[in-house]
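Undergrad: This is the structure, below, for whatever I ask next.
The values are calculated or read from the model by the stated rules, or taken from the named source; none is laboratory data. It should be emphasised that the depicted structure is a prediction, and the values quoted were computed from it without experimental measurement. Methodologically, a virtual Cβ is constructed for each residue, glycine included, from the backbone with ideal geometry; neighbour enumeration extends over all protein chains shown.
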């Protein structure tokens, strides 16, 4: 329960129409950025180190797309109990961060899901292939709603939101598709806090909650909170979420090749 490019051609008029409704305030990452997180699971009064999660950004050969990858794996010592092997990939255009291709291959406790989406802005269609351990392969075609993100591209899109002029409790809309269902959700800006990581590094952070989709892991509601660095990078430092059987946290362990110098760090309390 812990987790965390095929179509190139597009028409400028279509993309302009779509992006006018979901403008990017500022791209805060670059090709080559890698981020590593350690996930913890709450067991009673104890937080157990449970999984590693990695994020990576690469530039396509034609320099028109970012290839985003996230891989999550449970620690070997817990594989006997609940083995997790998750891979998410998304291809987004470098200009607007709109997704063009999405792939999900996950295996969690033996339950497998295999999804792929192709976003076609030339005819406003979304083509999907979805299968899982309890369902055969299904192919579907949907009308593509403006500003629709997959789960991984939504992570990088939200990092690019400008929070500087937001009011406390202000809602920021976010639409995405998961398991062949469209959801209109939102972020809620909660202000600023200092966060100390498990390694003892203290960061000035922007805090917001995310409305979750009810399903096999989450109850739904604003049960996920995210803290990102209060600087030009908006690097997620801590993610905390309630799940059906407890809660999870993911702390930043390492960040490399970030676009801007990290100015939000206050100090290291472990020294």
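Undergrad: Can you report the number of residues in region 62-81 which are closer than 22 Å to residue 148 by Cα, assigned to a strand (DSSP E or B) and more than 15 Å from the chain's Cα centre (by Cα)?
TA: Adding up the residues that qualify gives 1.
Undergrad: Could I ask something else about it? Which residue out of 53, 46, 28 is modelled with pLDDT of 50 or more, farther than 24 Å from residue 118 by Cβ and in contact with a helix residue (DSSP H, G or I) (Cβ under 8 Å, 6 or more places away or on another chain)?
TA: Going through 53, 46, 28 in turn, the sole match is 28.
Undergrad: Can you spot a residue in region 153-161 that is out of contact with any helix residue (DSSP H, G or I) (no Cβ under 8 Å at 6 or more places or on another chain), in a strand (DSSP E or B), modelled with pLDDT of 90 or more and surrounded by 15 or more Cβ atoms within 10 Å (Cβ to Cβ)?
TA: no
Undergrad: Then there is this: Do we find that residue 147 is surrounded by 17 or more Cβ atoms within 10 Å (Cβ to Cβ), modelled with pLDDT of 95 or more and within 20 Å of the chain's Cα centre (by Cα) in this structure?
TA: Criteria not met by residue 147.
Undergrad: Which fully enclosed strands (runs of 3 or more DSSP E) of region 82-149 have 2 or more residues being in contact with a helix residue (DSSP H, G or I) (Cβ under 9 Å, 6 or more places away or on another chain)?
TA: Because the criterion is at least 2 residues that are in contact with a helix residue (DSSP H, G or I) (Cβ under 9 Å, 6 or more places away or on another chain), the strands (runs of 3 or more DSSP E) in region 82-149 that meet it are 84-93, 99-108.
Undergrad: While we're on this one: Give region 70-87 a look and list any residue that's under 15 Å from residue 111 (Cβ atoms) and crowded, with 16+ Cβ neighbours inside 10 Å, or say none.
TA: 72, 74, 84, 86
Undergrad: I've got another one for you. Considering only region 31-43, state which residues are assigned to a strand (DSSP E or B) and modelled with pLDDT of 80 or more.
TA: Residues satisfying the conditions are 34, 35, 36, 37, 38, 39, 40, 41, 42.
Undergrad: When region 96-144 is examined, which residues are found to be closer than 24 Å to residue 27 by Cα and at pLDDT below 90?
TA: 96, the sole residue that qualifies.
Undergrad: Another one. Among the candidates 267, 220, single out the residue that is modelled with pLDDT under 90, closer than 20 Å to residue 185 by Cβ and surrounded by fewer than 15 Cβ atoms within 10 Å (Cβ to Cβ).
TA: None of the others qualify; the one that does is 220.
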